[in-house]
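Read through the structure below, which is laid out as structure tokens, and then see the notes.
The values are calculated or read from the model by the stated rules, or taken from the named source; none is laboratory data. Bear in mind that the values here come from a model prediction, so they are computed numbers and not experimental data. Here Cβ is always computed from backbone atoms with ideal geometry, including for glycine, and neighbour counts include all displayed protein chains.
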Amino acid sequence: MAIVTAHWGEHIAQALQVYLWNWPLSKAGGLLGLVFPVLVKQEWLHYGYALVMLIGLWLLRDGFVGRSRRWWMIAFAIQVWHHLEHFLLFVQALTGSYFFNAAAPTSLLQAAFPRLELHLFYNAVVFVPMVIAMYYHSRPTTEERSAMTCSCARRPRLATA
């Protein structure tokens, strides 16, 4: 969750740079992009993150049961699409052949939505169900607790106000 939150923060920082401080998109690279601007422009970095996220969501799925599993798998399904978009961007960057006669790698939905807003949206719609899954995971019902195999199942149910 720390890595996901940091990545989400990068997208928010980039959006703030563009919309709050009126930076040109070419100069708005989030926090990491200010220090290492060349990294932000590398499709392999974005693809690698999308792949690690996809693998991580898949590997951790068995730790979730009941309501939390449903939300975790929603995040996974959305990440499958997000990963596909980054895979297509990566392939375009490798081959130099861009979709829609664009001047740079272009994702499928980027034909309808600007890249900054699209990837901000993608990260939000993956992040939110993950947070909901973690919330339900930390507050299992009695039935869910009996199905849990992780150490979280040994904790007493968290009190709610």
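Residue-level analysis places ILE132 among those that are touching a helix residue (DSSP H, G or I) at 6+ places or on another chain (Cβ under 8 Å), closer than 23 Å to SER151 by Cα, assigned to a helix (DSSP H, G or I) and β-branched (Val, Ile, Thr). The sole residue among GLY96, GLY63 that is in contact with a Cys (Cβ under 7 Å, 6 or more places away or on another chain) and either farther than 27 Å from ARG139 by Cβ or modelled with pLDDT under 95 (or both) is GLY63. Only a single item in (1) small (Gly, Ala, Ser); (2) surrounded by 14 or more Cβ atoms within 10 Å (Cβ to Cβ); (3) at pLDDT 90 or above; (4) in a helix (DSSP H, G or I) is not met by SER107, and it is number (4). Looking only at the stretch 123-133, residues that are buried (at least 18 other Cβ atoms within 10 Å of the Cβ), within 12 Å of the chain's Cα centre (by Cα) and either of a type in the set (Val, Ile, Thr) or at pLDDT 90 or above (or both) come to 4 in all. Taking first residues from the stretch 33-61 that are over 14 Å from MET1 (Cα atoms) and in contact (Cβ under 8 Å) with a residue 12 or more places away in the chain and partners that are among the β-branched types (Val, Ile, Thr) and part of a helix (DSSP H, G or I), the Cβ contacts under 7 Å between residues at least 6 apart in sequence or on separate chains come to GLY33/VAL40.
Looking across the stretch 1-25, the residues that are of a type in the set (Gly, Ala, Ser) and either without any contact (Cβ under 8 Å) to a residue 60 or more places away in the chain or surrounded by fewer than 14 Cβ atoms within 10 Å (Cβ to Cβ) (or both) come down to ALA2, ALA6, GLY9, ALA13. Criterion applied to ALA28, ALA50 was being more than 22 Å from ILE132 (Cβ to Cβ) and buried (at least 18 other Cβ atoms within 10 Å of the Cβ), and the one residue passing it is ALA28.
Among the residues making up the stretch 58-84, a single one is in contact with an Asp or Glu (Cβ under 7 Å, 6 or more places away or on another chain) and not in a helix (DSSP H, G or I): VAL65. Reported count of residues in the stretch 134-161, each being in contact with a Gly (Cβ under 6 Å, 6 or more places away or on another chain) and at pLDDT 90 or above, is 1.
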